[in-house]
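Here's the structure we're looking at; comments come further down.
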Amino acid sequence: MVKKRLIIAIDGYSGCGKSTIAKDLAIALNYTFIDSGAMYRGITLFAIQNNLIKDGSIQNEQLIKVLGSIQIGFSELPVSKNHLLLNGIDVEEEIRTPEVAALVSKIATIKEVRQKLVVIQREIGRNGGIVMDGRDIGSVVFPNADVKLFITADNTIRAKRRLKEMKAKGIQTTLKAVLQNLEERDELDRTRKESPLVQTEDAILIDTTDFTREGQLKYILEIIQGKLKV
Ligand code: DC
């Protein structure tokens, strides 16, 4: 019997460890991992590269006009090296800069941007066997997902984790700046009109503050094993 290949939706605030969980799960289950935030970052990078940000404001109308010409995809590499491609170019490093982080939540409020990316996300997940993390995966992209997880963690822990990641990449910033950026993004993600971040009723809440990476993976795999038996 062929095992059912599930759709696993992982949502939550920035820096709660969603992508780490999603990646670890995808490796453990031999599924595809998609970091949907990377796709919003890709559009943001495009806007920066094409002078669609003027004095810190996004030129929404101009961006919407050229959206059709922007190609967003992922490299066909193993899960752990699944890189974002913007118009066919690997931009995995460029999308992780503080400049992109500062603008991406605003880009993610644009309805047309969301509509475009949701179509791509659904297409990638069409046949199941996918772990996708983001903000609206369980609520909008895959409302019928087999497993929905909503991840939270203490704010300072989140900022420390993100700072460590950025430092490892050679990006110079401070804990205070990272924390401020996280809190600003939380506020925008939670209060935006288009697909705000919400915990759906059927999502399982997981607080990663006191979990080790191995501990959280084991815990979540047990939940998924339960679903596979159903
Ligand atoms: O997960 P991340 O920090 O890389 O996400 C970057 C931004 O993109 C974040 O501000 C929220 C937004 N986002 C979204 O609105 N919907 C998603 N499915 C994923 C990310």
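Near Asp189, within a Cβ-to-Cβ distance under 14 Å, what is the net charge of the other residues, with Lys and Arg +1 and Asp and Glu -1?
Values: positive: Lys18, Arg41, Lys106, Arg114, Arg135, Arg158, Arg185, Arg190, Arg192, Lys193; negative: Asp11, Asp133, Asp136, Glu183, Glu184, Asp186, Glu187, Glu194.
Neighbour charge sum, excluding Asp189 itself: +2.
Excluding same-chain residues fewer than 8 positions from Lys218, which aspartates and glutamates have a Cα within less than 12 Å of its Cα?
Partners found: Asp24.
Normalised by the number of residues in region 77-153, what is the relative contact order in percent for Cα pairs under 8 Å and 6+ residues apart? Please list the in-between numbers first.
Numbers: 20 pairs, mean separation 9.7, N = 77.
RCO, region 77-153: 13 percent.
Determine, from the Cβ-Cβ distance of Glu184 and Arg126 and an R0 of 41 Å, the FRET efficiency 1/(1 + (r/R0)^6), rounded to the nearest 0.05.
0.75
I need the peptides 163-172, 88-97 ranked by packing, meaning the mean over residues of other C-beta atoms within 10 angstrom, with the highest value on top. Walk me through the intermediate numbers first.
Details: 163-172: 12.2, 88-97: 15.8.
Highest to lowest by the protection proxy: 88-97, 163-172.
Taking 0.36 nm per residue of separation and subtracting the Cα-Cα distance, what length does fully extending Ala28 through Thr156 add? Could the numbers behind the result be given before it?
Working: separation 128, 0.36 × 128 = 46.08 nm, distance 2.87 nm.
Taking Ala28 through Thr156 to full extension adds about 43.2 nm, to one decimal.
About its Cα centre, what dipole magnitude does region 86-230 give when the only charges are +1 on Lys and Arg Cβ and -1 on Asp and Glu Cβ, stated in debye to the nearest 20?
Numbers: 25 positive and 24 negative charges, 13 e Å.
Using Cβ point charges on Lys, Arg, Asp and Glu, region 86-230 gives about 60 debye.
Using R₀ = 45 Å, calculate the FRET efficiency as 1/(1 + (r/R₀)^6) where r is the Cβ-Cβ separation of Gln62 and Lys229; round to 0.05. Walk me through the intermediate numbers first.
On the way: r = 51 Å, r/R0 = 1.14.
Approximately 0.30, to the nearest 0.05.
Once phi is turned into ³J(HN,Hα) by the Karplus curve 6.51 cos²θ - 1.76 cosθ + 1.60 with θ = phi - 60°, what whole-Hz value does each residue of region 117-132 show in order, with x for glycine and proline?
6, 4, 4, 5, 4, 5, 4, 5, x, 3, 9, x, x, 9, 10, 10
So what is the calculated 222 nm ellipticity per residue for the chain, using -39500 (n - 2.57) for each DSSP H run with n of 4 or more, over all residues, to the nearest 500 deg cm²/dmol? Write out the running numbers ahead of the final one.
Values: 8 runs with 106 residues, N = 230.
After summing the helix terms and dividing by the residues of the chain, the value is -14500 deg cm²/dmol.
Of the candidates Ile151, Ile70, Ile34, which one comes out as most mobile in a Gaussian network treatment of the chain with C-alpha springs shorter than 10 Å?
Ile70
Based on the Cβ-Cβ distance of Val119 and Thr209, what FRET efficiency does E = 1/(1 + (r/R0)^6) give at R0 = 30 Å, to the nearest 0.05? It would help to have the intermediate numbers written out before the result.
Details: r = 35 Å, r/R0 = 1.17.
So the FRET efficiency works out to roughly 0.30.
Over region 1-157, what is the percentage of antiparallel beta bridges among all DSSP beta bridges, to the nearest 5? Can you show the working numbers first?
Working: 7 of 21 bridges.
That works out to approximately 35 percent antiparallel.
No value in this document is a laboratory result; all are computed from the given coordinates. Predicted model, so just to flag it, every value in this text is computed and none were measured. Ideal geometry is used to build each Cβ from the backbone, glycine not excepted, and the neighbour counts take in all protein chains shown.
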